[in-house]
Amino acid sequence: MTISIQPSALADLRRGFRFYEKQERGLGEYFLDTLYSDIDSLRLYAGIQPVHFGKFLRLLSKRFPFAVYHQMNGEESQIRAVLDPRNELSPPTES
């Protein structure tokens, strides 16, 4: 299983990093470490998450209030967005 992180999801991760880094120095780095660990777990568990917005699988982060939205494309998991699920008003974009 390969994982690709789309530009839209990388931008989401950068925004999350900046937000948490403003809260406390070093917390942004912990946020990224945690989210990348969650994303890496998709190597083993991709495809078993519930479907949201009709086409995105959603993996909830273990430590932060964030969800990783991804799509399966053969043996590849494409990370489309990393968002706070408490603010789910519209689906992630397919960039």
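Values in this text are rule-based calculations from the coordinates and carry no lab data. Note that the structure is a prediction, hence the values are computed from the model and not measured. Cβ coordinates were reconstructed from backbone atoms using ideal geometry, including for glycine residues, and neighbour counts include every protein chain displayed.
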Next on the checklist: Checking ILE3 against (1) under 14 Å from ARG80 (Cα atoms); (2) among the hydrophobic types (A, V, I, L, M, F, W, C); (3) in contact (Cβ under 8 Å) with a residue 24 or more places away in the chain; (4) part of a helix (DSSP H, G or I): exactly one of these is not met. Which one?
Outcome noted: (4)
Checklist outcome for this item: Of the residues in region 1-49, those that are surrounded by 13 or more Cβ atoms within 10 Å (Cβ to Cβ) and of a type in the set (Asp, Glu) come to ASP12, GLU21, ASP38
Item to check | Positions within region 48-68 being in a strand (DSSP E or B) and without any contact (Cβ under 8 Å) to a residue 24 or more places away in the chain, in sequence order | outcome: VAL51, LEU57, LEU59, ALA67
Checklist entry - Is there a residue being β-branched (Val, Ile, Thr), part of a helix (DSSP H, G or I) and within 19 Å of SER4 (Cβ to Cβ) anywhere in region 34-47? => result yes
